[in-house]
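The structure under discussion appears below in the form of structure tokens.
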Amino acid sequence: MTGPITGPAGVRLEGVELRHVSLPLVAPFRTSFGTQTTRDLLLLRVVTDRAEGWGECVVMASPLYSSEYVAGAADVLRRFLVPALAAADVRSAVEVGPALAAIKGHRMAKAALEMGLLDAELRAAGRSFGRELGAVRERVPCGVSVGIMDSIPALLDAVGGYLAEGYVRIKLKIEPGWDVEPVRAVREKHGDDVLLQVAANTAYTLADASHLARLHPFDLLLIEQPLEEEDVLGHADLARLIRTPVCLDESIVSAQSAAAAIRLGACSIVNIKPGRVGGYLEARRIHDVCAAHGVPVWCGGMLETGLGRAANVALAALPGFTLPGDTSASGRYYRTDVTEPFVLEDGQLAVPRGPGLGVTPIPDRLEAVTTAVEWIPATTA
Ligand code: NPG
């Protein structure tokens, strides 16, 4: 088990600069809930008396993946979350969760604040995210998420390109009408040795169980979140009806919900996305719960910039992350990232070693993608 996170330095929050950024994607990314051509999100520059830290709020422009969205996250940060941290006079990231506990939900917004404060205090103490979280690897094997395409030939080309780049695992986004045939085509063209999994983002119901059972011959690593977020019992039923292992994403929002899902038999694998669960510290607790139950975990992705990617790669280096994550290279999504790009080497990304996240935005790149800036002072008035 990984060790405790202590408040290494003790920092006093002065305020948060909220940056709305908009990054064009190298190609449209289609999932069962929509098509993205740009990534709009919030970057937080968390200013303390000892150092500055960066937080990334992985909300999307519209509430289609979860209930959170960019404008809502900005509102709750300025109206409630930053004032609550100021009122509690927090000095360390470990105090963020308890200080914000009275405010319901808004996990992605809370996660971004906690990440920024953790980065600030680790930079002040000269310690890296990886070391603090309990990373045991210097590099992590990387998978790639492949969106729904207009045709099977286009999909096969895309998958072939990613395999040629060195990705060690392919995840296909699926929805009703785009599931068994694309999987069959990828297996036929690219072979049985490719580590392959599918992700549905809640697009099916339990009535689709016999259809989803047709995925069995393709020896998938897992099927991710086939049913609605709240349908944990449905996932438990489905897991008994199909032989492909069921992995949960949207349904797992905390260590508590992970423990419940595992106990109910709703999943045998868990996708951990720090934003979805309220931060890297809760992400680590989920890792620990899953490890205690022998449940493998992997690190999900939300099309992060280099800042969130740095933290995700550090998390993915923990011992229980035994499956490749959606920790792709920056170039999978962005021609120009806000940090130095993460580049794949032999299908792996290196865990940053410098203080805090180990990466910093490049000022002119950050300016170029920033659409609005707002200063939220850490005052209680
Ligand atoms: O590689 O960062 C990545 C994206 C991986 O497919 C991916 N993310 O459902 O997991 C998902 C999906 C997603 C992206 C969900 C953006 C919500 C927003």
So is residue 94 touching an Asp or Glu at 6+ places or on another chain (Cβ under 6 Å) and either open to solvent by 50 Å² or more (accessible area, probe 1.4 Å) or more than 30 Å from residue 219 (Cβ to Cβ) (or both) or not? no
Please work out if residue 119 is touching a residue at least 24 places away in the same chain (Cβ under 8 Å) and of a type in the set (D, E, K, R). yes
May I ask you to verify whether residue 306 is within 14 Å of the ligand (Cβ to nearest atom), touching a Pro at 6+ places or on another chain (Cβ under 7 Å) and under 21 Å from residue 40 (Cα atoms)? yes
Going through region 130-172 in order, the residues found to be touching a His at 6+ places or on another chain (Cβ under 9 Å) and open to solvent by 40 Å² or more (accessible area, probe 1.4 Å) are 163
What about residue 227, is it without any contact (Cβ under 8 Å) to a residue 60 or more places away in the chain, open to solvent by 10 Å² or more (accessible area, probe 1.4 Å) and either within 13 Å of the ligand (Cβ to nearest atom) or over 22 Å from residue 142 (Cα atoms) (or both)? no
Within region 318-327, which residues are out of contact with any Phe, Trp or Tyr (no Cβ under 7 Å at 6 or more places or on another chain) and surrounded by 21 or more Cβ atoms within 10 Å (Cβ to Cβ)? 318, 320, 326, 327
Exactly one condition in (1) over 25 Å from residue 128 (Cα atoms); (2) within 16 Å of the ligand (Cβ to nearest atom); (3) of a type in the set (Gly, Ala, Ser); (4) in contact with a strand residue (DSSP E or B) (Cβ under 7 Å, 6 or more places away or on another chain) is not met by residue 300; state its number. (1)
Just a yes or no: is a residue in region 54-76 crowded, with 19+ Cβ neighbours inside 10 Å and among the aromatic types (Phe, Trp, Tyr)? yes
Having 2 or more residues that are touching a helix residue (DSSP H, G or I) at 6+ places or on another chain (Cβ under 6 Å) and closer than 30 Å to residue 196 by Cα is the bar; report the strands (runs of 3 or more DSSP E) wholly within region 293-381 that clear it. 297-299
When you scan region 267-276, how many residues do you find that are crowded, with 24+ Cβ neighbours inside 10 Å and either in a loop (DSSP other than H, G, I, E, B) or of a type in the set (Asp, Glu) (or both)? 2
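The values are calculated or read from the model by the stated rules, or taken from the named source; none is laboratory data. Worth saying up front: this structure is predicted, and the values here are computed from it rather than measured. Glycine gets a Cβ as well: all are built from the backbone with ideal geometry, and neighbour counts include every protein chain shown. Ligands, DNA and RNA are excluded from the accessible area calculation, which covers all protein heavy atoms including side chains. Shrake-Rupley method; radii C 1.70, N 1.55, O 1.52, S 1.80 Å.
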